[in-house]
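Data first, discussion second: the structure below is written as structure tokens.
The values are calculated or read from the model by the stated rules, or taken from the named source; none is laboratory data. What you see is a predicted model; the values in this text were computed from it and never measured. All Cβ positions, even for glycine, are placed from backbone atoms using ideal geometry, and neighbour counts span all protein chains on display. When the accessible area is computed, the model is the full protein with side chains, heavy atoms only, and any ligands, DNA or RNA have been set aside. Shrake-Rupley method; radii C 1.70, N 1.55, O 1.52, S 1.80 Å.
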Amino acid sequence: MKWHQWQEVAGLVGIFVFLTVVITVVVWQFGATIRARGALTREQEYRRLAEKAVRAQEETERKLTELDGRLADLRKSVGSVERILKEVD
């Protein structure tokens with residue numbers, strides 16, 4: 001082979017390596033973009049879930065507070081009935 005032919009082979013190998021590197025980087029970056037979007041979606045879903053849990057907990061706390069107030073009223077009523085029954089006895 002002549003020197004000129006070796007230069008062509010070396011040039012082709014260089015171009016092949018360059019294209020391989022470029023394609024690898026493009027595929028790698030595309031994968032990283034997809035992973036980042038997935039992580040962002042997961043994070044947003046966790047945030048929505050946490051907000052929903054907080055709202056449910058606040059609602060439960062509100063209902064328990066109302067129930068506690070009703071229970072206090074019921075205890076007063078039962079106490080009044082007990083006093084009346086003791087007086088009647």
Enumeration of residues in region 78-89 that are exposed (fewer than 10 other Cβ atoms within 10 Å of the Cβ) and part of a helix (DSSP H, G or I): Leu85, Lys86, Glu87, Val88
Test result for Leu19, open to solvent by less than 100 Å² (accessible area, probe 1.4 Å) and at pLDDT 95 or above: yes
